[in-house]
Amino acid sequence: MEEDCCATQLIYGDGEFNSSGLDRFVKEVKLAECGLSYAVVAIMGPQSSGKSTLLNHLFHTKFREMDAYSGRSQTTKGIWIAKCVGIEPCTIAMDLEGTDGRERGEDDTTFEKQSALFALAVSDIVLINMWCHDIGREQAANKPLLKTVFQVMMRLFSPRKTTLLFVIRDKTKTPFEYLEPVLREDIQKIWDGVPKPQAHKSTPFSDFFSVEVVALSSYEEEEKFKEEVAQLRQRFFHSISPGGLAGDRRGVVPATGFSFSAQQIWKVIKENKDLDLPAHKVMVATVRCEEIANQKSNQLVYDEDWLALKEAVQTGPVQGFGIRLSSILGTYLSEYDMEAVYFDEGVRNAKRQLLESKALDFVYPAYTTMLGHLRSKALEDFKVRLEQSLNKGGEFASSVRTSSQSSMLEFDKGCADAAIQQADWDGSRVREKLKRDIDAHASSVRSAKLSELKINYEKQLSASLTGPVEALLETGGKDTWTSIRKLLNHETEVAVSEFSAAVAGFELDKDTSTKMNQNLRDYARNVVEKKAQEEAGNIMIHMKDRFSTVFNYDSDSMPRVWTEKEDIRSITKDARSASLKLLSVMAAIRMESKPDNIEKLLFSSLMDGTVTVSSSQDRRVAASTYPLASSTWEEVSSKDTLITPVQCKSLWRQFKAETEYSVTQAISAQEAHKQSNNWWPPLWTILVMIVLGFNEIILLITNPLYLVVLFVAFLISTALWVQMGIARVFQHGIQLSGILSIVSRFLPTVMDLLRKLAEKSQGNPAPEAPRRPVSVASQSHRNETPLPNTVSCSIPESTVSSNMSSSDGGVEYSSPPLRQRRPTNVQEVEPS
């Protein structure tokens, strides 16, 4: 499928720009995808000189051509563009309206100049179509037009390298080598005669234009013409590559911005008044000075140095920012002065002030960004310096002063470097904000460091107090709280002394230092109080552990063997006294060395005396006379009370109920020990049995058969005795549960013995099954003591079993320690 050139009218004959048509053209030819890899070729020359025909043959476009048989007249109106078919990279052809046309007349040459200037500004290659026989003529060779275009272009646009390709049509017999030097000489003369700005006084023509000359045969010689055009077409392939027709072009607009760039260029050309000078001097000055000022302002916006500086300052502080920005602003202000020097002085100065004010407003955000970076950098440097100083062991206050002074000095130097000559901007507000930020960070670090020190010393106090206090409370001795007070005072003074030395470098005021030391002392006391409260919450466990230790172990920490020699009553009293002593120690916090009667009151009420209340009236009387019928202790404040008197009474009831079983088990074990040592009947009973059974004994001796039967019966009975573990079942005496167990297992045991005998008689003994241990009846049927409902807490019932040990003298019994219980939360209740 043949590629479409998409010919579109870009500018109408009346000068109106077809922006929608250009956007549609860019979309159809996919120009936006080309990036910088595209070229623009324009052609200009006299009317009816074959420009459109040349473009159509050269680029396979479809521009409208003149019909020679219909007469010579204007064919192309305005400016048309089309895509060059088959040319790589993408090349845009621009067909301009011919000059010297009779349709516009001799006086209306404005559009011709504007279109020529537009072509030079937009195109990379400009084809200047001219007849061979017109070389050397002033008007036919477009010399005046080129002169005007050269002059205005340097003032209106940034200089760019454009290739001027002069196409000599209908070449004659005059050798091409003679025509080309003449044409180049004419072009150089035009350039030398054009007035130039001061900056380009000595700039050679080759810095702006590259000149190429080519000659083509007459179109009447069709074959030769097409052959020469085909050769010329090859030169447009890769024209923007190095060595190509436009290989040294500059200032290329990206393809995505081509449409906008063309519109803006045409707009500036249309609005340029230099080509039609107004009569009024002031009006000229006003318009031109404003245009020049806007031009310089716009150039500042897109200035490469400014853009680079702006981009650099977005990422961080820029060294020499003020000097570079002052230089950029000074350059554009100087250019304004040079270009507006011949205009009215008043208008010129007023517009200069506006330009300077606008430029300063434009660059001020970059200046504030620079100050922001300086502030951030100074703040970060302060943080780094402070951290490094503290890591090296420096004192906090002196480190803050040194780091702050260094950072502020660095910021002041940066502000001086960022100042510009054209403005007197003040950075005091940013400096004040930096000072506030430094103070805030220093305060934050100080708080963090003090908090860290406080936490460390609190952990030190907690570690040095928790364990010893717990051990002292569990001991429950007479001097427990005295030892705790000594421990607290010693550890607190050590911690406070070390803490005061550690915070000396912070230079805290006296009130703050005193307050922090007092907080540390309060924390130490709070640790002791919390530990005491925690242990008081587990008082029932500690009491039962103390009871178990004293009750089940002797003075050598050996388990007690409940023989006849042990005085269970005395041991029980000692164990309960030890537990009650522990209760009295944990009943209240004694951080002051004030005497109290808690221990004496508990012993007199719970160990020595008993109170019996039978009626509700008696209970009311007892509430006022009974020492434990109260929620507070005498001489002990409520905040120091851990266990109230009422709770102590309830705990003691619960304690006695839960330890009663251990005492009962000890008594049972002692009785069982007595029975195990008296297995044989008394001697007189044996003598009576011999006397009364004398005849039976003689009968057994004289009749061996009876003796054999008796022996077999003895063997069977012995086997049943061992197999059923009767001795273990009745080790605590004959009980109904033991008898029921023996009866239920008698028949299975007999069957098992008979099966084993049958297997042995057949010579195929079966492997012996593992024997299941026999549970003692007293272990499976225990009487649990109900707990009194006086303390609102949940404590599991204690189950204690007796352990049996063998010795040479028989079976001995000992009681194991009580089972550990969960912490009990004691609550105050009214006495019942």
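The condition of being within 30 Å of Gly322 (Cα to Cα), touching a residue at least 40 places away in the same chain (Cβ under 8 Å) and open to solvent by less than 40 Å² (accessible area, probe 1.4 Å) holds for Ala418. Assessment of the stretch 731-739 against the conditions (modelled with pLDDT of 80 or more, among the hydroxyl-bearing types (Ser, Thr, Tyr), in a helix (DSSP H, G or I) and open to solvent by less than 60 Å² (accessible area, probe 1.4 Å)) yields no matching residue. Restricting Lys581, Lys530 to residues that are on the phi < 0 side of the Ramachandran plot, open to solvent by 20 Å² or more (accessible area, probe 1.4 Å) and more than 52 Å from the chain's Cα centre (by Cα) narrows the list to Lys581. Criterion applied to Lys358, Lys377, Lys351 was being of a type outside the set (A, V, I, L, M, F, W, C) and in contact with a Pro (Cβ under 7 Å, 6 or more places away or on another chain), and the one residue passing it is Lys377.
Of all residues in the stretch 613-654, how many are modelled with pLDDT of 85 or more and assigned to a loop (DSSP other than H, G, I, E, B)? Summing the residues that are modelled with pLDDT of 85 or more and assigned to a loop (DSSP other than H, G, I, E, B) in the stretch 613-654 gives 4. Open to solvent by 70 Å² or more (accessible area, probe 1.4 Å) and within 37 Å of the chain's Cα centre (by Cα) - does that describe any residue in the stretch 325-347? No: zero hits.
In this structure, is Lys171 at pLDDT 75 or above, open to solvent by 50 Å² or more (accessible area, probe 1.4 Å) and either closer than 20 Å to Leu58 by Cβ or in a helix (DSSP H, G or I) (or both)? Judged against the criteria, Lys171 is a match. Hey, Asp424 hits all of (1) under 30 Å from Tyr364 (Cα atoms); (2) modelled with pLDDT of 90 or more; (3) of a type outside the set (S, T, N, Q) but one; which does it fall short on? Looking at each condition in turn, Asp424 falls short on (2). Applying the condition of being open to solvent by less than 50 Å² (accessible area, probe 1.4 Å) and in contact with a helix residue (DSSP H, G or I) (Cβ under 6 Å, 6 or more places away or on another chain) to the stretch 304-324 and asking which residue is nearest to Asn294 (Cα to Cα) yields Trp306. Does at least one position in the stretch 76-99 carry a residue that is assigned to a strand (DSSP E or B) and at pLDDT below 85? Yes: the stretch 76-99 contains one or more residues that are assigned to a strand (DSSP E or B) and at pLDDT below 85. You will find that of Lys594, Lys600, the residue that is open to solvent by 50 Å² or more (accessible area, probe 1.4 Å), part of a helix (DSSP H, G or I) and at pLDDT 50 or above is Lys600 and no other.
For the stretch 669-684, the set of residues classified as farther than 19 Å from Pro559 by Cβ, modelled with pLDDT of 65 or more and among the hydrophobic types (A, V, I, L, M, F, W, C) consists of Leu683, Trp684, listed by residue number. Residues in the stretch 557-568 that are without any contact (Cβ under 8 Å) to a residue 24 or more places away in the chain and either open to solvent by less than 80 Å² (accessible area, probe 1.4 Å) or more than 25 Å from Leu473 (Cβ to Cβ) (or both): Met558, Lys565, Asp567.
Within the bounds of the stretch 694-707, is there any residue that is more than 60 Å from the chain's Cα centre (by Cα), assigned to a loop (DSSP other than H, G, I, E, B) and at pLDDT below 75?
Taking every residue of the stretch 694-707 in turn, none turns out to be more than 60 Å from the chain's Cα centre (by Cα), assigned to a loop (DSSP other than H, G, I, E, B) and at pLDDT below 75.
When Thr610 is tested against (1) modelled with pLDDT under 85; (2) within 17 Å of Asp479 (Cα to Cα), only condition (2) is not met. Thr402 meets each of the listed conditions (1) assigned to a helix (DSSP H, G or I); (2) open to solvent by less than 40 Å² (accessible area, probe 1.4 Å); (3) not aliphatic (A, V, I, L, M) apart from (2). In this entry, Val384 passes the filter for residues that are under 29 Å from the mean Cα position of the chain (by Cα), closer than 30 Å to Ala308 by Cβ and assigned to a helix (DSSP H, G or I). Residues that are aliphatic (A, V, I, L, M) and in contact (Cβ under 8 Å) with a residue 12 or more places away in the chain were ranked within the stretch 324-349; the one that is farthest from Pro197 (Cα to Cα) is Leu325. Give me a count of the residues in the stretch 1-17 that are modelled with pLDDT under 85 and closer than 19 Å to Phe59 by Cβ. Looking only at that region, the number is 5.
The values are calculated or read from the model by the stated rules, or taken from the named source; none is laboratory data. Remember, predicted model here, so these are calculated numbers, not experimental data. Ideal geometry is used to build each Cβ from the backbone, glycine not excepted, and the neighbour counts take in all protein chains shown. Remember, those area values only see protein heavy atoms, side chains included, never the ligands or the DNA or RNA. Shrake-Rupley method; radii C 1.70, N 1.55, O 1.52, S 1.80 Å.
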